[in-house]
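Readers should treat all values here as calculations from the given coordinates under stated rules, not as data from a laboratory. In this text, all values refer to a predicted model and were calculated from it rather than measured experimentally. Every residue, glycine among them, receives a Cβ derived from its backbone with ideal geometry; neighbour counts consider all protein chains shown.
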Amino acid sequence: MEQISVSPLSQKAIRQIARKFRKMFDMENVLYFPIVQFIEWCLPELGMEYEIVEVGEMKNAYGVTHTGKGIMQIREDTYVGACEGKPRNRFTLSHELGHFLLHTPDRVSFARGKVPAYMNAEWQANTFAAELMAPYYLIYNMSVEEISRGCGMSYTASKIQYSKYHG
Ligand SMILES: [Zn+2]
């Protein structure tokens with residue numbers, strides 16, 4: 001079976017990209033990453049448009065990013081939730097931003113058989129989202145609870161991020 005495969009990126013490489021990206025927009029030391037404002041104000045600067053799609057028109061996904069066309073589609077309930085600061089929805093938007101930055105068409109191909117995590121687009125986008133929302137250099141001495149509250153990330157995602165640094 002053919003699988004989508006993307007150019008390999010390690011956890012460490014993705015962490016560096018997320019940090020550079022925060023720096024680019026002068027947000028290196030902002031604990032609570034303002035993902036909604038970022039998508040509204042900064043995404044257009046990067047040549048990407050976003051579109052809010054009704055739930056009925058987008059039943060099976062919370063967000064879809066078409067890097068080739070430069071469009072990020074966000075399901076309405078996800079967008080509203082993110083505006084209200086719901087951690088799950090904030091994570092989805094950060095995940096889509098990861099696809100936009102990491103998965104330009106030249107980095108996507110097809111592979112036979114099982115694709116390892118570091119070449120899996122979803123793994124990369126999830127890793128990017130976690131590194132953007134809760135970067136190591138800001139959270140290394142925080143508890144899971146503090147990461148979750150401070151970064152606006154779900155307890156589960158915060159716990160996963162925490163465990164990466166406290167093996
Ligand atoms: Zn995805």
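Taking Cβ atoms as reference points and 14 Å as the exclusive limit, the residues near V108 contribute a net charge of -1, counting Lys and Arg as +1 and Asp and Glu as -1. In a GNM of the chain with a 10 Å cut-off on Cα contacts, which of F21, F91, F110 has the highest mean-square fluctuation? Between F21, F91, F110, it is F110 that shows the largest mean-square fluctuation. Spatially close Lys pairs in the chain, defined by Cα atoms under 18 Å apart and a spacing of eight or more places or different chains, total 4. With r defined as the distance between the Cβ atoms of I71 and E2 and R0 fixed at 30 Å, what FRET efficiency is calculated, to the nearest 0.05? Taking R0 as 30 Å, the efficiency between I71 and E2 is 0.75.
Of the residues W123, W41, the one with the fewest other Cβ atoms within 10 Å heads the list, and the complete ranking is W41, W123. The GNM of the chain, with springs linking C-alpha atoms under 10 angstrom apart, assigns the highest mean-square fluctuation among Q124, Q37, Q73 to Q37. For a paramagnetic label modelled on E54 (point 7 Å from Cα along Cα→Cβ), amide N atoms under 16 Å away belong, within the range 65-97, to 74-78. Put in line by how crowded their Cβ is, counting other Cβ atoms within 10 Å and starting with the fewest, L93, L102 read L102, L93.
Take every Cα-Cα pair in the chain and report what % of them are more than 24 Å apart. Can you show the working numbers first?
Working: 4684 of 13861 pairs.
Taking all Cα-Cα pairs of the chain, the fraction more than 24 Å apart is 34 percent.
With Cα atoms defining each centre, the range 83-105 and the range 52-82 are spaced 10 Å apart in the structure. DSSP beta bridges fully contained in the range 2-136 are about 65 percent antiparallel.
Calculated mean residue ellipticity at 222 nm for the chain: -13000 deg cm²/dmol, from DSSP H runs with n ≥ 4 weighted as -39500 (n - 2.57), summed, divided by the residue count and rounded to 500. Remark on V53: its backbone amide H falls under 5 Å from those of I74, R75, E76, a criterion applied only to residues 5 or more positions apart or on other chains, H modelled at 1.01 Å from N.
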